[in-house]
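Contents: one structure, followed by commentary.
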Amino acid sequence: MNKQMAFFSFNNIRVTGVACAVPSNEIKTESYKPLFGDEEVEKFMEMTGVRASHRTSEHQTCSDLGYRAVKELLEKKGIDPKEIGALLFVSHSPDYRRPSTAFVLQYRLGLPKEAVCYDISLGCSSLVVGMQNAASIMNTGDIQKALVIVGDTAGKSVYPTDRSSAMLFGEAGAVMLLEKSENENDVINALVRSDGSGYRYMIVPGGGYRNLHASEEAVMCEDGNERTLMNSFIQGTSVFTFTIFDVPRLIKDFFAKTETTPDSYDCFAFHQANLYILKQIAKKTKIDFERMPITLDRYGNTSGASAIVSLCDKYGNDTKDKTIKVMACGFGIGISLGATSFEINTNDILPIFEDDEIFEEGLITNPNQLYEKK
């Protein structure tokens, strides 16, 4: 029996731009030494590669960062927001429980009412799945341009003294622009997998409709870290096993399905989980580690935005007019994993922007604000 694969191939659709934004607030990992001790922090930095990260303020959201990234990209490309036919916001960090953050971004950006807008609730694999969704609706409809906005503010759900997570996450918002093309050689491929048996591996168990009013009392967990039900739980051993076995298998299957090899790609923009995991993936798949940009050291684990953060960091200030072939891979919470390939001109990769702006109109601290005229 042939193994079933969720493989997608789209012709005449091209990635025509990427951009990202991070908060200006930089936190050095070594600043945790008074809290966790010198030895613990040094060991963490050596294993994960995270030496600094950027964190949002209390009311700044992923959509604020994504908004800045979109504004910069559309201005650089000379595109009127009215030309955008679809906006997908793919994240585990929405502005509200409801409505979808995509509608907020549509309103802020001035996209037409004819545009299709919706959220997809995903974390580390958000770019791959977001691309696949956007390309699918473009492939079957008359949409010419689509935005995929990804990222997370994962640090907001971490308990302050959680050694497994407090130093790991950075926060960012990123965007990818897709456009229909006349060129048959413009091809986007994607392979996506899911394993719901690992839904507990990375989870915030409280606050959803399963346990809406979960206790916020801190409990000492079996791994020696305090947390509440409203905080992130990461089962490190299970996650590590998944990443060093399932992810290389996915990548090898992607190579086989697309009839490519590691030498077929100029850049491997992979989710920045941690440095040791990335090295293991590269080793098992025979990927040249030098072609896998690393941003963990300065930006931390930025969840679904990390592939674009890596592209912007490496090529954002590149003045050469050249087309590169990229393989991107996202894997994590869900469990969800995916790989994709596409070409992009380096002139369409913007540098990393820093931004601290907040959508003040969207900050609702009193229900009566909802009755006020804008």
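The values are calculated or read from the model by the stated rules, or taken from the named source; none is laboratory data. Bear in mind the structure is a predicted one, so any value in this text is a computation, not a measurement. Using ideal geometry, Cβ is built from the backbone for each residue, glycine included, and neighbour counts are taken over all protein chains shown. With ligands, DNA and RNA removed, areas are computed over all heavy atoms of the protein, side chains included. Shrake-Rupley method; radii C 1.70, N 1.55, O 1.52, S 1.80 Å.
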Checklist entry - Does the range 190-204 contain at least one residue that is in contact with a helix residue (DSSP H, G or I) (Cβ under 6 Å, 6 or more places away or on another chain), open to solvent by less than 10 Å² (accessible area, probe 1.4 Å) and within 17 Å of S126 (Cβ to Cβ)? => result yes
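I want to confirm something. Restricting to the range 223-273 and keeping residues that are small (G, A, S) and open to solvent by less than 50 Å² (accessible area, probe 1.4 Å), which single residue is farthest from S306 (Cα to Cα)?
The qualifying residue farthest from S306 (Cα to Cα) is G224.
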Checklist entry - Only one residue in T261, T237, T228 is modelled with pLDDT under 95, farther than 20 Å from Q132 by Cα and over 21 Å from the mean Cα position of the chain (by Cα), so which one is that? => result T237
Checklist outcome for this item: Scanning the range 158-180 for residues that are among the hydroxyl-bearing types (S, T, Y) and open to solvent by 30 Å² or more (accessible area, probe 1.4 Å) gives Y159, T161, S164
Checklist entry - What is the number of the single condition among (1) at pLDDT 95 or above; (2) within 26 Å of V15 (Cα to Cα) that G362 does not meet? => result (2)
Next on the checklist: Among the listed residues K156, K82, identify the single one that is closer than 30 Å to Y32 by Cβ, out of contact with any helix residue (DSSP H, G or I) (no Cβ under 8 Å at 6 or more places or on another chain) and not acidic (D, E).
Outcome noted: K156
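Any residue in the range 284-305 that is of a type outside the set (A, V, I, L, M, F, W, C), modelled with pLDDT under 95, closer than 30 Å to L250 by Cβ and in contact with a helix residue (DSSP H, G or I) (Cβ under 9 Å, 6 or more places away or on another chain)?
Checking the range 284-305: not a single residue is of a type outside the set (A, V, I, L, M, F, W, C), modelled with pLDDT under 95, closer than 30 Å to L250 by Cβ and in contact with a helix residue (DSSP H, G or I) (Cβ under 9 Å, 6 or more places away or on another chain).
Residue by residue through the range 2-13, note down the ones that are on the phi < 0 side of the Ramachandran plot and in a loop (DSSP other than H, G, I, E, B).
Residues satisfying the conditions are N2, K3, Q4, M5.
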Next on the checklist: Show the residue pairs meeting these rules: Cβ distance below 9 Å; 6+ apart or different chains; first residue within the range 347-374 and without any contact (Cβ under 8 Å) to a residue 12 or more places away in the chain; second residue open to solvent by less than 100 Å² (accessible area, probe 1.4 Å).
Outcome noted: E360/H59; I364/Y96; Q369/L363; L370/I364
Checklist outcome for this item: Filtering helices (runs of 4 or more DSSP H) wholly in the range 14-121 for at least 3 residues that are surrounded by 18 or more Cβ atoms within 10 Å (Cβ to Cβ), touching a strand residue (DSSP E or B) at 6+ places or on another chain (Cβ under 6 Å) and in contact (Cβ under 8 Å) with a residue 12 or more places away in the chain gives 62-77, 101-109
